[in-house]
1. In segment 1-54, what chymotrypsin sites (Phe, Trp or Tyr not before Pro) fall in a loop by DSSP, with at most 13 other Cβ atoms inside 10 Å?
2. Identify, among Gly7, Ala55, His123, the residue whose Cα sits farthest towards the positive end of the charge dipole of the chain, taking +1 on the Cβ of Lys and Arg and -1 on the Cβ of Asp and Glu, with the dipole about the Cα centre.
3. Is there a quick way to get the dipole size of segment 1-138? I mean about its Cα centre, with the Cβ of Lys and Arg at +1 and of Asp and Glu at -1; what is the value in debye to the nearest 20?
4. Anything in the chain that counts as a DSSP H helix reaching 27 Å or more along its axis (C-alpha) with Kyte-Doolittle mean of at least -0.5? List them, would you?
5. What number comes out for accessible area per residue over the chain if the probe is 1.4 Å? Units Å², please.
6. At a Förster distance of 35 Å, what's the computed FRET efficiency of Val27 paired with Thr67, Cβ-Cβ distance as r, to 0.05?
7. Tell me, what is the percent relative contact order of segment 56-174, built from C-alpha pairs under 8 Å that lie six or more residues apart?
8. When the accessible area of segment 51-174 is computed with all protein chains present and a 1.4 Å probe, what percentage of it is carbon and sulfur?
Amino acid sequence: MKGFLFGVVTMLVILALGLLFALLGFVGMRADNPPSKMETALAGRAMDASVARAAPKVTNPVTADETNLAAGARLYREHCSLCHGDPAHPKSALADSLNPLAPQFTNDMADMPENQNFYILQHGIRWTAMPGWKNVLSEQQTWQLVTFLSHMHDLPPSAKQVFAETAPRTSAPN
């Protein structure tokens with residue numbers, strides 16, 4: 001019993017010291033410093049597990065027709081390309097400024113199930129630059145964006161044309 005209590009007290013002391021270390025500002029929070037391999041691995045796995053658990057098991061109600069894909073391409077160009085890239089900027093303007101790095105979807109297609117992409121678009125991802133869009137985009141628009149992400153490498157001509165149109169960009173600071 002003494003060994004068990006000693007173990008519990010030791011763990012509480014270690015946790016308290018770790019918390020104190022963080023609260024005194026010794027944990028770097030700069031976005032321009034890449035995270036450690038351990039942080040990347042843990043955060044990525046935790047995010048994947050959280051989204052898989054929390055995302056409702058729903059089916060995409062939007063058909064992958066030309067109208068919806070063109071609408072999704074327009075939404076992507078207007079709301080997503082600055083962080084995630086587009087045909088004119090496969091590596092987005094902010095690609096090297098975000099930690100964790102935002103996926104560059106023109107080179108690395110979204111690979112999560114559609115219900116999970118919908119959930120991420122609706123709610124965002126904490127401690128990243130990914131906002132939740134549910135207060136900006138309607139549910140229909142979010143599903144159009146999800147549909148576009150699932151088909152962005154195999155678009156019909158009209159959607160491909162919309163996607164290829166360059167989104168307005170602000171110039172990078174000097």
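The values are calculated or read from the model by the stated rules, or taken from the named source; none is laboratory data. Note that the coordinates shown come from a computational prediction; the quantities given were computed from them, not determined experimentally. Don't worry about glycine lacking a Cβ; one is built from the backbone with ideal geometry, like all the others, and counts go over all protein chains shown. Please note that ligands, DNA and RNA were not included when accessible areas were found on the heavy atoms of the full protein model with its side chains. Shrake-Rupley method; radii C 1.70, N 1.55, O 1.52, S 1.80 Å.
1. Counting only loop positions with at most 13 other Cβ atoms within 10 Å, the chymotrypsin sites (Phe, Trp or Tyr not before Pro) in segment 1-54 are Phe26.
2. Of Gly7, Ala55, His123, it is Gly7.
3. 600
4. 2-23
5. Result: 67 Å² of accessible area for each residue.
6. Computed FRET efficiency for Val27 and Thr67 comes out at 0.15.
7. Reported as a whole number, the value is 40 percent.
8. Ligands and nucleic acids excluded, carbon and sulfur give 53 percent.
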